[in-house]
Amino acid sequence: QVQLVESGGGLVQAGGSLRLSCAASGRTFSTYAVSWFRQAPGKEREFAAGINRSGGITDYANSVKGRFTISRDNAKNTVYLEMNSLKPEDTAVYYCAARLGPLTVSMNGYNYWGQGTQVTVSS
């Protein structure tokens, strides 16, 4: 089992940057694929970015491609989401999620979730 804790959210102006962190407990973190999902007010939760267990495969939603970068440091049990050129439409609660097995963009494939961190981008 793994527990996830997100941090790094906050208020930023449009065009600015933030780096989110997802810290995991457990010694087998390197066996989990991890993704970031986000949920804006009044909208469904959606996939933003994901990374496989080794870090060799990443995937991004079209809306964040070229602006967000996901990475992981298995020695530190942490996954990062570097967010640049932020837009007001990036405003959401960001959740990290983990699953055993291959990377998937489907929310239903993830067994473990963090509590979320708020990202607010002002125009």
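The values are calculated or read from the model by the stated rules, or taken from the named source; none is laboratory data. Here the structure is a predicted model, which is why all the values come from computation and not from measurement. Here the Cβ positions follow ideal geometry from the backbone for every residue, glycine too, while neighbour counts run over all protein chains shown. Accessible surface areas use protein heavy atoms only, side chains included; no ligands, DNA or RNA. Shrake-Rupley method; radii C 1.70, N 1.55, O 1.52, S 1.80 Å.
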Compute the Kirkwood hydrodynamic radius of the chain, taking the inverse of the mean of 1/r over all pairs of distinct Cα atoms, and give it in Å to one decimal.
-> 14.1
Among N111, S63, N84, whose Cα sits farthest toward the positive end of the charge dipole of the chain (+1 at Cβ of Lys/Arg, -1 at Cβ of Asp/Glu, about the Cα centre)?
-> N111
What is the set of long-range amide H partners of K87 at a cut-off below 5 Å, with H atoms built 1.01 Å from backbone N?
-> G15
What residues qualify as long-range amide H neighbours of R72, i.e. H under 5 Å apart, gap of 5 or more or another chain, H built at 1.01 Å from N?
-> Y80
Given a 1.4 Å probe and every protein chain left where it sits, what share in percent of the accessible area of the chain is carbon and sulfur?
-> 46
